Amino acid sequence: MTPDDAPLVYVKSFNPSRVERRRSAEAAETGDLRRDPVYVYTDPIVLAVNVALATRRPLLVRGRSGAGKSSLARSVAHVLGWRYYEAVVTSRTQASDLLSQVDLLRRLQDAREGALAEGMTPYVEPGPLWWAFAPKSACWRGDRAECGLETGLEDPNQNPEAATVEGREPHRAVVLIDEIDKADPDVPNNLLVPLGSFQFQVAETGFQVATTPERAPLVLITTNEEREMPAAFLRRCIELEIELPTRRRLVEIGQAHFPEMDGDLLDPVTSALLGPEDPQREDEPVDVNPAEFVDTLRACEGLGIQPGSAEWRALSKATVWKFGRDEPGAGGGRNRR
Amino acid sequence: MTRPAVSPADLARALVALRPGDDRTRAAVARVLGLGWAEPEGEESGGRGPRGGAGQAADSELRRPAPGPPRPPSGSERDDEVPPADEIGDEKATDEPIPTRLVRTRSISRRPPEWLEQAEPLARPGDVVATPPELPPLLRPGRERGILSVAARTGVSEGDLDLERVIAAVARAEPLRAVPRRSVPTLARGVQLLLDRSDAMLPFQGDLRHLERAVRNFVGDDALEILSFVACPGRRAGSGSIRRWRPYFPDCAAPRGSRVLAVTDLGIGMPATGPSTAAPGEWLEFARRLEAAETPLLVLTPYPRERWPPALALSLSILSLSRATSAGNAARAARDRVSRGTP
């Protein structure tokens with residue numbers, strides 16, 4: 001082991017196993033990957049999460065599609081035992097969607113039916129950052145006395161993603177803001193105050209949503225880098241780039257996802273996607289992302305497709321055409337950057 | 001109140017919370033924060049050098065354990081090479097050197113020293129300068145992104161409920177056939193960037209390249225279409241060779257709702273007549289057809305308002321590309337279209 005390969009020495013408040021395996025067979029069978037995710041950690045990833053926790057800064061995760069950016073957030077929440085919320089950003093997402101919204105249509109409908117509730121509070125819909133900052137006030141839409149809703153949300157753990165909350169730390173949360181580069185350029189800047197001060201005001205009711213630094217959520221923001229992020233936003237984030245995997249890491253990821261899978265399927269699939277094994281190139285980055293690799297293994301296992309069969313050749317060609325790569329096994333699986 | 005950018009204060013917080021055991025780990029933490037790492041002068045790596053009282057006080061402050069997030073339960077596969085916080089002895093902790101000099105690598109890497117900006121590289125014998133030096137951009141660099149993003153947006157009726165219109169309808173006892181919503185600016189519908197390649201724009205070719213890059217950066221490849229034209233896009237437009245250009249309508253028309261940005265001199269730099277000059281009426285007709293297709297046009301021109309053709313200054317949405325231009329100018333230019341009663 002060279003000095004550069006030696007593990008970094010520090011106190012890890014986030015200290016996952018190198019391979020976080022799925023602990024519930026039920027989750028694997030039902031395809032629910034959110035509650036009990038598999039993740040293969042590297043030292044840079046663990047360090048970046050620890051630094052983000054220590055500095056209470058958002059962690060901006062870069063990397064290609066399928067590199068494991070979003071699943072990192074789920075895994076971190078799972079390892080820490082914190083609540084987990086996510087918001088997938090689209091081109092129409094506004095910053096207010098992540099904080100709170102008011103259902104004016106429902107209010108209009110209530111008004112036309114003579115069932116208008118007093119004030120705006122019953123019509124407020126908390127966003128994921130509100131749930132993460134202050135789940136109790138989110139349950140009551142800000143003000144318990146004014147809410148008047150029979151929501152059954154008295155339990156502060158309750159939230160729209162109850163399945164990922166049960167039994168977890170009630171005061172801490174991990175928030176995933178996924179694919180922020182899809183949003184209009186103003187959106188990241190409009191999140192600077194809530195993410196920096198851990199508070200925001202619900203404009204329609206004046207209610208102040210806030211949390212203390214000790215209970216600050218860990219916010220992971222992913223980007224596929226389709227758009228450049230505003231400089232002011234970047235300066236306030238911890239940045240982590242998940243690099244292209246090596247062949248060794250891909251195999252490790254495959255084994256973590258399918259611990260029962262024997263080499264009779266794993267090895268041929270790996271060779272088919274990446275080309276023949278070459279010990280001297282085992283640590284070079286490859287042009288197959290982990291999500292694609294795991295999905296291929298899952299499909300081959302589930303459908304009983306063996307590499308080399310007619311079905312496999314058809315599948316591999318389709319994949320190759322989609323991504324503009326050479327045919328697998330013809331030495332084209334390598335990253336040619 | 002926004003939080004300040006990542007700074008050495010964040011490194012201090014991270015060092016207290018993570019208590020790195022060696023300089024390599026400290027350097028790795030600093031790198032994650034985008035900060036550089038330099039050994040304090042006169043000290044060896046990992047050693048204890050002379051420090052003043054204030055420095056020692058700061059060190060002891062830094063080393064005080066801070067409340068951190070709860071640690072997960074240890075498992076059989078945990079990384080056991082690093083002892084948990086409560087098992088690290090005080091002596092080991094106090095032996096840890098704390099950096100006394102931090103260097104921002106980000107600013108160093110992004111901003112070359114002043115002397116380098118003023119220095120002219122010596123030409124090697126026989127070297128031929130193939131490309132002209134990059135000229136300063138037309139828009140002020142700090143404002144450019146904001147100006148262009150405002151200029152590139154269009155309004156979509158997807159905002160909050162438009163209560164005034166709802167109340168007006170309810171007061172008249174009219175049924176609401178559609179939910180009236182306020183308009184919100186967005187880039188979601190995409191942008192078509194039209195670049196004038198006529199001879200009069202040759203002095204601005206570098207600016208066109210720069211604008212193209214700048215718009216691409218915040219719009220993204222998927223939502224951006226870039227076409228070239230000469231004189232007026234209504235004639236022909238396209239990408240690549242001029243021989244492959246096609247009539248703008250209907251071959252090059254932008255998707256409904258997207259913004260059309262045309263970077264042109266509006267014929268200001270050309271003779272008043274000739275094949276490479278578009279008459280004002282041609283531009284107005286082009287703008288009218290774009291408005292009818294709900295793809296609003298905004299013209300970006302490197303010339304000041306005083307030189308705009310009067311007939312176009314009154315009827316087109318035009319924004320001057322200059323150091324004095326602000327995002328407010330861009331917003332007003334884009335709004336002018338609305339004030340003239342177009343959709």
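Remark: B:LEU227 matches the filter, which requires a residue to be under 30 Å from the mean Cα position of the chain (by Cα) and more than 13 Å from chain A (Cβ to nearest Cβ). The residues of the range A:161-181 that are away from chain B (no Cβ under 14 Å), farther than 16 Å from A:ALA52 by Cβ and either surrounded by 17 or more Cβ atoms within 10 Å (Cβ to Cβ) or at pLDDT 70 or above (or both), listed by number, are A:THR164, A:VAL165, A:ASP178.
Scanning the range B:191-207 for residues that are crowded, with 22+ Cβ neighbours inside 10 Å and under 22 Å from B:ALA253 (Cα atoms) yields a total of 6.
Here's the yes/no breakdown for (1) at negative phi; (2) among the aliphatic types (A, V, I, L, M); (3) within 14 Å of another protein chain (Cβ to nearest Cβ); (4) surrounded by 21 or more Cβ atoms within 10 Å (Cβ to Cβ):
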{"position": "B:ARG213", "(1), (2), (3), (4)": "yes, no, yes, no"}
{"position": "B:ASN217", "(1), (2), (3), (4)": "yes, no, yes, no"}
{"position": "B:ARG246", "(1), (2), (3), (4)": "yes, no, no, no"}
{"position": "B:ARG259", "(1), (2), (3), (4)": "yes, no, yes, yes"}
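Taken over the range A:220-239, the criterion of being of a type in the set (A, V, I, L, M, F, W, C) and away from every other protein chain (no Cβ under 12 Å) is satisfied by A:LEU220, A:ILE221. Restricting attention to the range B:157-184, the residues being more than 8 Å from chain A (Cβ to nearest Cβ) and either closer than 30 Å to B:ASP265 by Cα or among the charged types (D, E, K, R) (or both) number 8.
Restricting the search to helices (runs of 4 or more DSSP H) fully inside the range B:1-65 and requiring at least 3 residues that are at the interface with another protein chain (Cβ under 8 Å from one of its Cβ atoms) and modelled with pLDDT of 50 or more gives B:8-18, B:23-32. Candidates in the range A:1-53 are the residues that are of a type in the set (Gly, Ala, Ser) and at pLDDT below 85; of these, the one that is nearest to A:ARG248 (Cα to Cα) is A:ALA6. Return a yes/no flag: does the range A:138-147 have any residue that is at pLDDT below 85, within 30 Å of A:ILE242 (Cβ to Cβ) and either buried (at least 21 other Cβ atoms within 10 Å of the Cβ) or under 25 Å from the mean Cα position of the chain (by Cα) (or both). Within the range A:138-147, not a single residue is at pLDDT below 85, within 30 Å of A:ILE242 (Cβ to Cβ) and either buried (at least 21 other Cβ atoms within 10 Å of the Cβ) or under 25 Å from the mean Cα position of the chain (by Cα) (or both).
The selection criterion, being open to solvent by 40 Å² or more (accessible area, probe 1.4 Å), touching a Lys or Arg at 6+ places or on another chain (Cβ under 8 Å) and not aromatic (Phe, Trp, Tyr), holds for A:GLU284. Kindly establish whether A:ASP262 is under 25 Å from the mean Cα position of the chain (by Cα) and either open to solvent by 70 Å² or more (accessible area, probe 1.4 Å) or farther than 23 Å from A:SER17 by Cα (or both). It is false that A:ASP262 is under 25 Å from the mean Cα position of the chain (by Cα) and either open to solvent by 70 Å² or more (accessible area, probe 1.4 Å) or farther than 23 Å from A:SER17 by Cα (or both). Is the range A:206-219 home to any residue that is more than 14 Å from every other protein chain (Cβ to nearest Cβ), open to solvent by 10 Å² or more (accessible area, probe 1.4 Å) and modelled with pLDDT of 80 or more? Yes - at least one qualifying residue is present in the range A:206-219. Of the strands (runs of 3 or more DSSP E) that lie entirely inside the range A:64-134, those containing 3 or more residues that are touching a residue at least 40 places away in the same chain (Cβ under 8 Å) and more than 14 Å from chain B (Cβ to nearest Cβ) span A:82-88.
The residues listed here are B:PRO271, B:PRO275, B:PRO304; of these, the one that is modelled with pLDDT under 90, touching a Ser or Thr at 6+ places or on another chain (Cβ under 7 Å) and open to solvent by 40 Å² or more (accessible area, probe 1.4 Å) is B:PRO271. Can you say whether B:LEU211 is assigned by TED's automatic domain parsing to the domain that holds B:ALA334 and in a strand (DSSP E or B), as far as the supplied structure shows? No; evaluated as a whole, the condition is false for this residue. Looking at the range A:55-68, which of the residues that are within 12 Å of the chain's Cα centre (by Cα) and within 16 Å of A:PRO188 (Cβ to Cβ) is surrounded by the fewest Cβ atoms within 10 Å (Cβ to Cβ)? Of everything passing the filter in the range A:55-68, A:ARG62 is surrounded by the fewest Cβ atoms within 10 Å (Cβ to Cβ).
For first residues located in the range B:239-267 and free of Cβ contacts under 8 Å to residues at least 12 places away in the same chain, partners that are buried (at least 16 other Cβ atoms within 10 Å of the Cβ) and lie 6+ apart or on another chain with Cβ distances below 6 Å form the pairs B:ARG244/B:GLY238; B:ARG246/B:GLY238.
The values are calculated or read from the model by the stated rules, or taken from the named source; none is laboratory data. Keep in mind that what you see is a predicted model, and the values were worked out from it rather than measured. In this analysis, Cβ positions are derived from the backbone assuming ideal geometry, glycine residues included, and neighbour counts consider all displayed protein chains. For the accessible areas, the whole protein counts, side chains as well, though only heavy atoms, and no ligand, DNA or RNA atoms are used. Shrake-Rupley method; radii C 1.70, N 1.55, O 1.52, S 1.80 Å.
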